[in-house]
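Right, one structure below, let's go through it.
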DNA sequence: TTATGAAACTTCAAGCTTGAAATAATTTGC
DNA sequence: GCAAATTATTTCAAGCTTGAAGTTTCATAA
């Protein structure tokens, strides 16, 4: 949607529609800024950062399907991103004995070090970009977002 | 980012980081659902819907660069989407006498009719997907999102 | 067994997205 | 007037994204 400021329609449901538009514009703006900084400062991309962030939380590794589910993207998508991270030496696939269809994906030593540096910058960027949301307000907003997420998530 | 529930880190700035993660997950989930429905029910895509929504609000038409700025996407991106909408007969480019570099882009008659139908469905989907946010809560959330948007938007 | 079905991935075509380079038209400064 | 800078747009290569189709492996059960 990303509809805008001018007409300001009213009627039943318009407040929710407006909320959605703001939500989308906010996340797109911030995403664009993060994307740009990741490219400029670390020569990487948001999808790669996302995958590394997921793997960083899982030292034992994750299956491709775990990654796909966690990141809310398709299976085929993850394949490509992991391929690129592997070719950069940041991530490794480990064939498993138990089930030869699957492979555990994890950060390499280098991947882990690299991610730690990027993540620190990332967190400070978020602090900056959301600078005029107080920590208290942040907590309240987070709670509200949770409440509507639980409504329908995991349905499709 | 889209980091997740498990570790729940704490420290300075963590509340903002958590807010960002929730924000992103919420908008991605809803976006994915809208995308799916647009495809299934109307055989179209979110980017096309976005462009049509922008043009619907501007009967006199918009320049490519207006569209690009308004939708927060690159120039080259808009070119491709408009090309496809033109080939579907939903949008038209009109060369201008004044400045021959530019062209006014607007919805065709058919595009306008088509969009009205899709937009009605879209609005009801939003009502459904954000169903357990009260209208009142929606207004408050919208206000909060505004406040942090104004902080840094239009900087880059 | 062994076929039949399900599960985990990968591949593929089409479309979206970006940033950079190329084109074309207009504006500015001399 | 005219070269130089600016503006509006398109083109391009690379990467992201999806849904569908294809592969390989595993699980089930007749």
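The values are calculated or read from the model by the stated rules, or taken from the named source; none is laboratory data. Here the structure is a predicted model, which is why all the values come from computation and not from measurement. Every residue, glycine among them, receives a Cβ derived from its backbone with ideal geometry; neighbour counts consider all protein chains shown.
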Quiz item: If you take just the helices (runs of 4 or more DSSP H) that sit entirely in the stretch A:43-116, which of them hold at least 3 residues that are more than 23 Å from residue B:27 (Cα to Cα)?
Solution: A:75-87
Quiz item: For the stretch B:128-138, how many residues are surrounded by fewer than 16 Cβ atoms within 10 Å (Cβ to Cβ) and either within 14 Å of residue B:59 (Cα to Cα) or within 20 Å of the chain's Cα centre (by Cα) (or both)?
Solution: 2
Quiz item: Among the residues of the stretch A:79-96, how many are near DNA strand D (Cβ under 8 Å from one of its atoms) and surrounded by 15 or more Cβ atoms within 10 Å (Cβ to Cβ)?
Solution: 2
Quiz prompt | First in the stretch A:46-70 and over 15 Å from residue A:111 (Cβ atoms), second anywhere and within 13 Å of DNA strand D (Cβ to nearest atom) and not in a helix (DSSP H, G or I), Cβ under 7 Å, 6 or more apart | solution = A:63/A:102; A:68/A:74
Exercise. Collect the residues in the stretch A:123-137 that are in a helix (DSSP H, G or I), facing chain B (nearest Cβ under 7 Å) and at pLDDT 85 or above, keeping them in residue-number order.
Key: A:123, A:126, A:127, A:129
Self-check item: Filter result for residue B:34 (without any contact (Cβ under 8 Å) to a residue 24 or more places away in the chain, at the interface with another protein chain (Cβ under 9 Å from one of its Cβ atoms) and more than 10 Å from DNA strand D (Cβ to nearest atom))
Solution: no
Quiz item: Only one of (1) more than 10 Å from DNA strand D (Cβ to nearest atom); (2) surrounded by fewer than 18 Cβ atoms within 10 Å (Cβ to Cβ); (3) within 13 Å of chain A (Cβ to nearest Cβ); (4) more than 14 Å from the chain's Cα centre (by Cα) fails for residue B:39. Which number is that?
Solution: (1)
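Give the residue, chosen from B:115, B:70, that is at pLDDT 95 or above, buried (at least 19 other Cβ atoms within 10 Å of the Cβ) and at the interface with chain A (Cβ under 8 Å from one of its Cβ atoms). Write out each step before concluding.
Working: B:115 fails: at the interface with chain A (Cβ under 8 Å from one of its Cβ atoms).
After applying the criteria, what remains is B:70.
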Quiz item: Which condition number does residue B:59 fail, the rest of (1) at the interface with another protein chain (Cβ under 10 Å from one of its Cβ atoms); (2) more than 11 Å from DNA strand C (Cβ to nearest atom) being met?
Solution: (1)
Quiz item: Does residue B:25 satisfy the criteria of being closer than 28 Å to residue A:16 by Cα, in contact with a helix residue (DSSP H, G or I) (Cβ under 9 Å, 6 or more places away or on another chain) and assigned to a helix (DSSP H, G or I)?
Solution: yes
Quiz item: Picking from A:98, A:127, which residue would you name as being out of contact with any strand residue (DSSP E or B) (no Cβ under 6 Å at 6 or more places or on another chain) and over 29 Å from residue B:19 (Cα atoms)?
Solution: A:98
